[in-house]
1. Using the structure shown, decide if residue 264 is assigned to a helix (DSSP H, G or I) and either in contact with a helix residue (DSSP H, G or I) (Cβ under 7 Å, 6 or more places away or on another chain) or at pLDDT 95 or above (or both).
2. Could you tell me whether residue 288 is surrounded by fewer than 17 Cβ atoms within 10 Å (Cβ to Cβ) and touching a helix residue (DSSP H, G or I) at 6+ places or on another chain (Cβ under 7 Å)?
3. Based on what the data block shows, is residue 146 out of contact with any helix residue (DSSP H, G or I) (no Cβ under 8 Å at 6 or more places or on another chain) and under 30 Å from residue 21 (Cα atoms)?
4. Assess whether residue 215 counts as being in contact with a strand residue (DSSP E or B) (Cβ under 7 Å, 6 or more places away or on another chain), at pLDDT 95 or above and surrounded by fewer than 22 Cβ atoms within 10 Å (Cβ to Cβ).
5. Restricting attention to segment 218-255, which residues are part of a helix (DSSP H, G or I), within 29 Å of residue 99 (Cα to Cα) and touching a strand residue (DSSP E or B) at 6+ places or on another chain (Cβ under 7 Å)?
6. Tell me, which helices (runs of 4 or more DSSP H) lie completely within segment 16-115 with 3 or more residues that are buried (at least 19 other Cβ atoms within 10 Å of the Cβ) and over 19 Å from the mean Cα position of the chain (by Cα)?
7. Between 114, 104, 127, which is over 20 Å from residue 77 (Cβ atoms), modelled with pLDDT under 95 and touching a strand residue (DSSP E or B) at 6+ places or on another chain (Cβ under 9 Å)?
8. May I ask you to verify whether residue 170 is over 30 Å from residue 267 (Cβ atoms), in contact with a strand residue (DSSP E or B) (Cβ under 9 Å, 6 or more places away or on another chain) and not in a loop (DSSP other than H, G, I, E, B)?
């Protein structure tokens, strides 16, 4: 039965009952970007949201206080409004409550549980490739507004430079006050992103499309159906409008495919685009995909250094430092390979020493963090640039086009936005597909808790 309430009354009731529901005990999945409370909606909210039963489970999704390491310029409910009207299998936003939201819960198992590493198989690989082709068909005028100075469709070079500028200004510079000494001790050059841009040949212009930018194993749910299975892609808060090769590159890196699977998925992606009539999107595929892959490894060095450092417990033990140093060492090696060996190698013992010095100084700087201090008064240091919880889901536009990072031109002028997986990187020269083949690429009773189901929707809670 549909409600017939005035809009303001309906909105107020949804907010009230959703807020009550969110406070109930249930499964909670926490990750880098969001905290997800997974609960039955209950009868009142089911009535207000036109759901069939109060037993229907939903995700009560609250953005986490977190450092901003990846660009975002849209709010997730706005993106889902455009996507769900055109793509099947995408969980809807049931209620946009401004600073948090309620989303459909997709029954199934995340791919990260079924296949945590290695090949996903030809059927699933083909379905993921087809997903990107369907995504490319979402019309630009159906998307939320973009920043006024966003690169124009076809300006692939400007798009890559915009991503690099975000990394430099919003990730590197904004976090230097806290992490600068650690970056320096690890040999990360102050001009890392400029070095990267100077090393990249000018990109071919491709039409821009909607990008997800975070399609990895923990964001794909496998649901069994009578005729097989269905894949659903979650977590759209990092969506952008830009060069489709960026979406492919982030997918290849974050899925941690082996060499053969990476080559197959790239071929399947190109074939799916051609079948869907998106042939212009594969122009310059081989050299430009390599550029975007290299970007992924270079930009990730900052979050992949900061996250292990802040994950260290207050009274860190030798094994804590060793684990953090291993993660950081992997990130430095990937970035060094992406820059053709331009970074000086740093030994594991040197990384541990740098971490110990940084951790001691960082702990002493915190209110309540020094000797005799009360740790309960220490701030949420990893909240970084996102500010207070009150504006945690407010999108921040990417840096303006002023102050270009690019060094001496590597080509003609421009044509009219984690962590990288620890695997070898394609050398800048060869085609990613060829490199991979050569082994180079590295009423209800709903007011009571529903019985727990095997398998979690989002163990990472991103």
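The values are calculated or read from the model by the stated rules, or taken from the named source; none is laboratory data. Quick caveat: nothing in here was measured; it's all calculated off a predicted structure. Reconstructed Cβ throughout: ideal geometry from the backbone, glycine too, with neighbour counts over all protein chains shown.
1. yes
2. In short, no.
3. Values: out of contact with any helix residue (DSSP H, G or I) (no Cβ under 8 Å at 6 or more places or on another chain): yes; under 30 Å from residue 21 (Cα atoms): no.
Answer is no for this residue.
4. no
5. Result: 218, 219, 246, 247.
6. Numbers: elements: 43-48, 76-84, 111-114.
Those helices (runs of 4 or more DSSP H) span 43-48.
7. None of the others qualify; the one that does is 114.
8. Judged against the criteria, residue 170 is a match.
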